[in-house]
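The values are calculated or read from the model by the stated rules, or taken from the named source; none is laboratory data. Computed from a prediction, not measured in an experiment: that's the story for all the values here. When we count neighbours, we look across all protein chains shown, and the Cβ atoms used for this are built from the backbone with ideal geometry, even at glycine. These accessible areas exclude ligands, DNA and RNA; they are computed on the full protein's heavy atoms, side chains included. Shrake-Rupley method; radii C 1.70, N 1.55, O 1.52, S 1.80 Å.
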Amino acid sequence: MANLLVLPRQSAVLTGRAGVAISASANCCRGRRGYSTKNDDQLRTEYLHRSLVPTMHYQKSLPRLPVPKLEDTIRRYLAAQRPLLDDEQFKNTEHLALDFQKGAGKALHEELVALDKKNKHTSYISGPWFDMYLAARESIVLNFNPFLCFNANPKPEYNDQLLRATNMTVSAVRFMKTLRAGYLEPEVFHLNPAKSDTDSFKRIIRFVPSSLSWYGAYMVNAYPLDMSQYFRLFNSTRIPKKDRDELFTDPTAKHVLVMRKGHMYIFDVLDRDGNLLKPTKIQAHLKFILSDPTPPQAFPLGILTSENRDTWAALREQLLAAGNEEALAKVDSALFCLCLDDESLKDHVDISHNMLHGDGQNRWFDKSFSLIMAKHGVAAVNFEHSWGDGVAVLRFGNEVLKDSTERPAVGPDSIPAPDAESSLAVRRLDFNLEAPLREAITKTKENFQAVTSRLKIGAMEFKKGGKELLKQKKVSPDAVAQLAFQMAFLWQYGQTVATYESCSTAAFLHGRTETIRPASSYTKKCAHAFVREPSKHSVSELSKMVEECSKYHGKLTREAAMGQGFDRHLFALRYLANSRGQPLPSLYEDPAYAAINHNVLSTSTLSSPAVRLGGFGPVVADGYGVGYGVHDHWIGCNISSYPTRNVTEFLQCIHKSLEDIFTVLDGHAPHS
């Protein structure tokens, strides 16, 4: 899944469709933060913290995302194609790629570089990447929106649905206020936190002009990250439009959208002066909603956000024509969506299905993010992907979980404000649904059930070792996990297939993501040795192959983090040719180009103190959506597929592959 920030010397990467890039490194430190002596009580109540360095202090001086050299892109592209093709196929692809480099590609590249020089306020990939998401017409459910499930509150009594919903809502609003006041600690990747993540350094760097501040951080091995996506976190919605959707943000709105049983409610969480509503009032309003005896909505409007985007755009026009403009505006402008579910979730698979899609009736999938709270306090976010790559969402999750558990606004003994106030403050949104709209909702419910019922999800935990042991063996934990996926697919299907791992380029202004291609000639050779001919190789030979895979994967990761992959560059050149109405160069018509972009294995790893589980759907009909985490002493996988693949068998093959790798690294021959 929808992923982890990867920077030099860091290998954790969380990926989803086209890449969700999320910073979750232990070294992405925020450091010690406090409050000013003035108005301490208000600051503690209204904000998460007050950073010594203003939130956007580094933004103006961030380096620009480089456009790779065309010859480097072609070399990397061919290296990624080599393990996927036979000799004859590769020879043809190599011919087309080199022709592209000398001809049409060279002209497009020169034009791209010239355009990039004229648009120094952004990156060469930002516009095309927005268009890629917003022009996609398939449903955003399963295809784009991922989920992240939070760890439980360590105090069980605080996992009550009402208490946890109240506390996380309060902390979410605090995050929003902290961000907009410029008090939120800047997102910085610290390679030497003892030197750069200190109050003394921050007191110095805050006086360095914003146009130069990045260089000051760089001098102490700290890398500020792009925060341009953060403003879309709140009051934002993806609006369906024919051919291409739009992003809408209204930072003046003060209300939240709450969904329960398919009904939609709103209430203000900020007063007229912008101050946070008293937590006991928020608690009372949510209690009022949870106590509403109204039967489930027969025609839940939210299900339409799961539709094909052109279909939903046409239906929205019907909604507006039927007099629902004001109610829809309230939905679109809400700070965020809080979904109060009645489901009791038994295990990881239950959680994954509910948080990824549910029954679709108690969701508004178009909101920038929805905070989902199940019956017994299991909490998650499901987020729309076009506005950003998840960097902001994971930071939000980390801060909100920390704040809501360490300084909860309400507790088991809190007394909600009187119900009479809530009956006035809470408004249930009513929509005029004419017969064609009711019919469309009924049909969409049926389609949604048909599609989501085909999704299979399975989970596995490997308990014989994890990050600590792999680091002792001097191999990359992420590389070992990726090698295990390659081995597992070879066990199951006898093939090496296109594999996707996303890497954030947030170290650059308006950076998005770059792709790491984990299926390499090294992993193919190593997987074949383990799976097909283990008896032909000594333990030391197998161990050396694992080390070679690790070294090459580390190289790919570093290159991608520095904007030196090939996928985004080739994508931008293709986008440029299309925008000029030019015929596509032969490279893009090559079946091998289509095949490498048909990512059968879409993989994503997440390591965060706030998150227990993450997931997303397969990005192709015959693919696997592989969410995984390499923890200190164990490795976990949460994998989705449609019926064309067998999740249970694939998980068994991954477990067997990890067993063999760890056995070899321990100096023993793998079991046959």
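For E461 paired with K555, estimate the spin-label separation in nm (one decimal), with each label point 7 Å from Cα along the Cα-to-Cβ line.
So the label points at E461 and K555 sit 3.8 nm apart.
With charges set only on the Cβ (+1 for Lys and Arg, -1 for Asp and Glu), what does the dipole of the stretch 532-672 come to about its Cα centre, in debye to the nearest 20?
400
Starting from 0.36 nm per residue, how many nanometres of slack lie between D199 and N151 once their C-alpha separation is accounted for?
This chain segment gains 14.3 nm when fully extended.
How do M460, M373, M219, M562 rank by accessible surface area computed with a 1.4 Å probe, from largest to smallest?
Listed by decreasing accessible area, they come as M219, M562, M460, M373.
For A79 and R206 in one chain, what is 0.36 nm times their gap in residues minus the Cα-Cα distance, to one decimal in nm?
My answer for the length gained is 41.3 nm.
Structure shown: which of K177/K261; K69/K91; K155/K330 lie over 25 Å apart, alpha-carbon to alpha-carbon?
K177/K261; K155/K330
What figure in square angstrom, to the nearest 10, would you give for the accessible area of W491 with a 1.4 Å probe?
100
Would you mind estimating how fast the stretch 328-400 diffuses translationally, via Stokes-Einstein at 10 °C and 1.306 mPa s with the Kirkwood radius over Cα pairs, in µm²/s?
Estimated via Stokes-Einstein, D reaches 123 µm²/s.
Pairs K464/K525; K464/K524; K241/K287; K287/K346: which are spaced more than 28 Å apart, C-alpha to C-alpha?
Violating the 28 Å Cα-Cα cut-off are K241/K287.
By a straight-distance test (C-alpha under 17 Å), which aspartates and glutamates pair with K254 as possible cross-link partners, with residues fewer than eight away in the same chain excluded?
Qualifying aspartates and glutamates at Cα under 17 Å: E46, D268, D271, D273, E326, D332.
Nothing charged except the Cβ atoms of Lys and Arg (+1) and of Asp and Glu (-1): what's the magnitude of the dipole of the chain about its Cα centre? Round to the nearest 20 debye.
Charge dipole of the chain: 1560 debye, to the nearest 20.
Residue-wise, which Karplus ³J(HN,Hα) couplings in Hz belong to the stretch 427-439, taking 6.51 cos²θ - 1.76 cosθ + 1.60, θ = phi - 60°, and x for glycine or proline?
10, 8, 7, 10, 10, 7, 10, 6, 3, x, 6, 5, 5
What nm distance separates the two modelled labels at S538 and A435, each placed 7 Å from Cα along Cα→Cβ?
Here the answer is 8.3 nm between the modelled labels.
What fraction, in whole percent, of alpha-carbon pairs in the stretch 517-557 exceed 13 Å separation?
Here the tail beyond 13 Å accounts for 47 percent of pairs.
Exceeding 22 Å between C-alpha atoms, which entries from my cross-link table qualify? They are K278/K375; K467/K551; K102/K551; K118/K202; K473/K656; K202/K278.
K278/K375; K102/K551; K118/K202; K202/K278
Along the Cα-to-Cβ line of R454, 7 Å from the Cα, sits a label point; which residues in the stretch 610-638 have backbone N less than 11 Å from it?
Under cut-off, by backbone N: 621-622.
Using the crude model of +1 on Lys and Arg Cβ and -1 on Asp and Glu Cβ, and no other charge, please compute the dipole size for the stretch 377-529 relative to its Cα centre, in debye to 20.
1080
Taking the Cα of S344, stepping 7 Å toward and past its beta carbon, and measuring to each backbone N in the stretch 366-395: which are under 13 Å?
Answer for this model: 375-377.
Only helical DSSP H runs with n ≥ 4 go in: add -39500 (n - 2.57) per run for the chain, normalise by residue count and round the 222 nm mean residue ellipticity to 500 deg cm²/dmol.
That calculation yields -13000 deg cm²/dmol at 222 nm.
Using modelled backbone amide H atoms (1.01 Å from N, in-plane), which distant-in-sequence or interchain residues come within less than 5 Å of F369's amide H?
Here the answer is C337, E384, since their amide H atoms fall under 5 Å of that of F369.
Given points 7 Å out from each Cα along the Cα-Cβ axis, report the R244 to L290 separation in nanometres with one decimal.
In this crude spin-label approximation the distance works out to 4.5 nm.
So if each residue of separation counts as 0.36 nm, and I subtract the Cα-Cα distance between E421 and Q42, what length gain in nm does that give?
Taking E421 through Q42 to full extension adds about 134.1 nm, to one decimal.
What is the Rg over Rh value, at two decimals, for the stretch 159-248, using alpha-carbon atoms and the Kirkwood definition of Rh?
Rounded to two decimals, Rg/Rh equals 1.12.
Taking volume of the Cα convex hull per residue in Å³ as the quantity of interest, determine which of (1) 193; (2) 171; (3) 156 was computed from the displayed structure.
(3)
With unit charges on the beta carbon (Lys/Arg positive, Asp/Glu negative), name the residue among L286, P300, A314 whose Cα is farthest towards the positive pole of the charge dipole of the stretch 277-348.
L286
Round to a whole number: what % of the accessible area of the chain belongs to carbon and sulfur, probe 1.4 Å?
Roughly 52 percent, rounded to a whole number.
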